[in-house]
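What follows is calculated from the coordinates using simple rules that are stated; it is not laboratory data. On a predicted model such as this, the values are computed, not experimentally measured, just so you know. Neighbour counts are summed over all protein chains in view; Cβ atoms, including those assigned to glycine, are modelled from backbone coordinates with ideal geometry.
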Amino acid sequence: MAENKTITLNMGPQHPATHGVLRVELELEGETVVKVRPIVGYLHTGIEKTMESKLYYKAIPETDRMDYLAPMSNNLGYCLAVEKLMEIEVPEKVKWARVCLAELTRLNSHLVWLGTHALDLGALSPVLYTFRDREMIVDIYEACGGQRMMTSYIRIGGLSHDLPLDFDKKVRHLLKVFPEKIKEYETLLTENQIFINRTRNVAVISAEDAINWSLTGPMLRGSGVKHDLRKANPYSGYENFDFEIPVGENGDAYDRYKLRMEEMRQSLRIARQAIDGMPEGPYRAHVPGVVLPPKEDVLHKMESMIFHFKIITEGFKAPCGSVYQAIESPKGEIGFYIVGDGTNRPRRIRVRPPSFVNIACLPALCEGRMVSDVVCAIGSVDIVLGEVDR
Amino acid sequence: MDFEQEIREFINSRFGEDVIAEDNFRNQLSFIVKPAAVYEICQDLLENDRLDVKLLADIAMVDWLDHEEEKKGRFELVYNLYSLKHKGRFFLKTRLPADKPEIKSLTPLWNGANWLEREAFDMMGIIFTGHPDLTKILTPDDLEGHPLRRDFPLTWEQPKFSWNKDDPPEVIK
Amino acid sequence: MGLEEKIPDSIILTTLDKMVNWAHKRSMWPMTFGLACCAIEMMSASMPNFDLARFGMEVFRPSPRQADLMIVSGRVSRKMAPVVKTLYEQMPNPKWVIAMGACASCGGVFNNYAIVQGVDKIIPVDVYVPGCPPRPEQLINGIMKLFEKVEKSSLKDKHEEWGR
């Protein structure tokens with residue numbers, strides 16, 4: 001009897017279809033995959049250790065660079081966790097502005113996912129459409145924070161500046177124009193027979209397995225589990241908004257694609273409610289000693305200047321205890337576990353990375369299937385290597 | 001009964017002597033238990049369908065070196081457990097001593113614990129007995145030591161200007 | 001139209017240097033080497049809004065054997081450093097490197113145990129583009145500076161870094 005020999009193929013860190021520097025070791029028998037072993041760590045930056053040596057305020061720009069496709073979500077999660085630790089209540093306008101920006105961030109991330117996933121499977125046009133439309137959202141980011149991607153706009157106790165004067169006009173223009181664009185992407189892909197053949201019954205995971213592998217986000221909802229942190233444990237005023245949570249049936253890549261397209265529509269719905277009902281008010285909480293006072297006060301009042309100076313140089317002392325705040329980022333559940341130890345620097349900031357936990361289930365998605373399905377599986381999990389490796 | 005009371009009753013009735021303390025900082029329920037009891041508590045929780053605590057969200061680790069909390073044990077492991085039906089979350093915390101940071105691995109119960117424990121081993125040096133593949137995952141293969149420990153230096157390198165071109169890199173915390 | 005009107009009898013007089021440099025700079029093919037956040041701005045630069053294809057960079061080649069330009073976009077960690085060196089050595093001559101972003105130029109925001117402080121510790125760099133991340137227009141400015149450098153180079157130059 002001939003013995004079955006397998007070859008080991010290395011899908012290296014530099015590869016056009018792995019989104020970043022992911023290395024996958026495949027053991028193949030012909031075209032069938034016998035064993036899959038993802039190797040990560042090629043972008044390890046030591047962000048958690050760097051954040052331990054900084055004040056709470058100065059660690060905000062580090063959070064931008066983890067999931068670089070949804071930077072405002074990371075900022076939001078970190079600031080909510082610190083506000084929980086220090087027991088700060090933010091004004092209503094801040095909550096609504098944060099919700100609006102978080103939903104635009106979800107759109108941003110899903111657009112890049114759609115473009116690159118379709119590019120991996122061979123559809124060369126959708127990526128041009130999605131990146132062109134992403135420029136509208138990035139334009140709004142630039143008006144708010146001055147930067148196209150790493151804005152650090154959401155700060156502890158509020159926002160870094162007031163919302164720009166043309167924020168309302170820009171967001172309404174986007175809301176008017178976008179539903180047509182989503183229809184455009186759907187005409188290209190949803191009924192396309194080649195796309196359906198490449199994604200139906202590929203990278204399937206059942207609901208029980210998904211919970212066992214600790215998956216969250218669209219990976220879990222694609223298998224039929226209706227769980228979304230915005231409805232289950234609402235944060236930052238999400239309980240006031242009216243939206244639905246799309247759920248898939250089979251847990252394959254096609255269901256996850258349809259789920260994310262529907263999530264884009266629901267994000268537009270939430271953003272419309274946020275911009276229609278945006279209250280007036282201050283853009284930062286008034287907690288002297290902890291939250292930086294607004295710049296107009298700093299230039300005119302003495303106490304504000306003293307507090308500003310003290311907070312920038314020394315920071316505030318956190319109580320001895322630990323908090324965990326999780327939000328629903330476009331990739332899954334991102335959680336910040338902050339341990340304060342009585343001094344002005346955190347003892348430990350642990351980030352619960354959704355992409356790290358999601359990519360660990362790649363063996364369950366790919367083993368026993370064809371080699372070309374590995375590319376589809378990696379794209380459908382929607383990972384960002386900056387978050388996997390931190 | 002609401003979820004918090006149910007969990008309290010469950011853990012205190014079955015594992016009363018293993019629970020060292022109970023905490024409710026900022027409305028987050030957490031139990032500080034002995035290291036040997038963590039595996040049994042998780043096994044019983046998985047079998048209990050009414051509580052439905054099936055999602056292991058995270059395994060976090062803290063190093064309490066040079067702080068007065070170090071007296072209770074240098075390393076702290078925090079297991080973050082979530083119930084999908086009741087939408088409630090609670091934490092199981094344990095303390096491990098500095099000279100022998102070992103605890104039984106949770107991989108037979110949850111597949112998702114595999115990579116989370118590998119990261120805890122790589123970054124802080126906590127050994128999980130019974131883990132199928134406890135190797136480095138994030139740091140390069142030639143880096144010795146465990147970066148997230150407090151005594152590992154941050155290795156800050158002085159940028160090279162024209163006046164200090166030939167100095168070796170500085171190492172500070 | 002264009003060039004044919006200015007050339008009587010299809011004869012041009014020029015130096016070999018100028019012709020070779022013109023060919024090099026008008027169709028330089030970059031390699032897909034996006035590491036981190038700067039990669040997204042590099043992808044945006046090749047998309048319809050800030051088109052890179054009008055500079056001749058029509059295709060981004062995944063294989064290093066078929067590329068001339070390596071745009072190191074993103075932070076280079078210590079685990080990735082030998083991979084960058086291997087890829088650089090696999091590229092055929094002539095080759096150029098642009099260090100895009102603050103992390104590739106000098107370590108950037110991250111000054112710690114895990115990041116190589118500047119990719120020029122491993123491979124020789126021609127143009128540094130600062131920013132975190134740099135706007136696509138800044139990247140295009142860097143590419144134009146590289147074109148100026150290519151115009152001034154000559155076939156007589158000794159390039160030790162290429163192994164000549």
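Brief remarks on what is shown
- HN-Hα J in Hz across the range B:52-65 - Karplus 6.51, -1.76, 1.60, θ = phi - 60°, x for Gly and Pro: 6, 8, 10, 10, 8, 7, 6, 10, 9, 9, 10, 10, 9, 5
- Cα centroid of the range C:65-88 to Cα centroid of the range B:20-99, whole Å: 42
- Three-way shape call for the range C:46-137 based on the alpha-carbon gyration tensor, with the a/c threshold at 1.5: oblate
- In degrees, nearest ten, helix A:167-189 long axis to first principal axis of chain A (Cα): 0
- Residue by residue, the range C:33-44 carries 3J(HN,Hα) couplings of 10, x, 9, 9, 3, 5, 5, 5, 6, 5, 5, 5 Hz when phi is fed to the Karplus relation 6.51 cos²θ - 1.76 cosθ + 1.60 (θ = phi - 60°); x denotes Gly or Pro.
- Relative contact order (%) - criterion: Cα under 8 Å, at least six apart; region: the range C:27-151: 26
- For B:I20, residues with placed amide H under 5 Å, excluding near neighbours: B:I32, B:V33, B:K34
- Anchor B:K72: lysines whose Cα lies under 30 Å away (excluding residues fewer than 8 positions away in-chain): A:K49, A:K54, A:K84, A:K317, B:K34, B:K54, B:K93, B:K100, B:K104, B:K136, B:K173
- Cα-based shape type of the range B:1-60, given that a ≥ b ≥ c are square roots of the gyration tensor eigenvalues and the cut on a/c is 1.5: rounded
- From largest to smallest, the equivalent ellipsoid semi-axes obtained for chain B from the alpha-carbon gyration tensor read 37, 18, 15 Å.
- Shielding by partners for peptide A:226-232, expressed as the average number of C-beta atoms from other protein chains within 10 Å of each residue's C-beta, is 2.
- Cut-off under 5 Å, modelled amide H: who pairs with A:R348 long-range: A:V339
- Helix-derived mean residue ellipticity, 222 nm - over chain A, DSSP H n ≥ 4, -39500 (n - 2.57), to 500: -14500 deg cm²/dmol
- The range A:36-142: trypsin sites (Lys or Arg not before Pro) in DSSP loop, at most 15 other beta carbons within 10 Å: A:K58
- Residue-averaged 222 nm ellipticity for chain B, from DSSP H runs of 4+ at -39500 (n - 2.57), nearest 500: -6000 deg cm²/dmol
- Beta bridges by DSSP in the range B:3-129, antiparallel share as percent, to the nearest 5: 75
- Listed residue pairs exceeding 21 Å between alpha carbons, taken from B:K165/C:K79; C:K25/C:K152; A:K95/A:K176; A:K231/B:K87: B:K165/C:K79; A:K95/A:K176
- Degrees between helix A:253-276 axis and first principal axis of chain A (Cα, 0 to 90, nearest 10): 20
- Counting only other chain Cβ atoms within 10 Å of each residue's Cβ, the peptide A:211-218 averages 6.
- Peptide C:70-81 is shielded by partner chain Cβ atoms: per residue, an average of 5 of them sit within 10 Å of its Cβ.
- In this structure the amide hydrogen of B:G88, modeled in the peptide plane, comes within under 5 Å of the amide hydrogens of B:S83, none closer than 5 places in sequence on its chain.
- Calculated from backbone phi, Karplus (6.51, -1.76, 1.60) coupling profile of the range B:23-33 in Hz, x at Gly/Pro: 9, 9, 5, 6, 6, 10, 7, 9, 10, 9, 10
- Of the peptides A:256-265, B:139-148, the ranking by mean beta-carbon count within 10 Å, highest at the top, reads A:256-265, B:139-148.
- Antiparallel DSSP beta bridges within the protein assembly as shown, percent to nearest 5: 75
- The separation of the range C:89-164 from the range A:78-107, counted between C-alpha centres, amounts to 39 Å.
- The range A:182-265 shape via C-alpha gyration tensor axes, a/c threshold 1.5: oblate
- Distance from the Cα centroid of the range A:1-65 to that of the range A:338-382 is 10 Å (rounded to whole angstrom).
- Rel. contact order, % - alpha carbon contacts under 8 angstrom, at least six apart, chain A: 26
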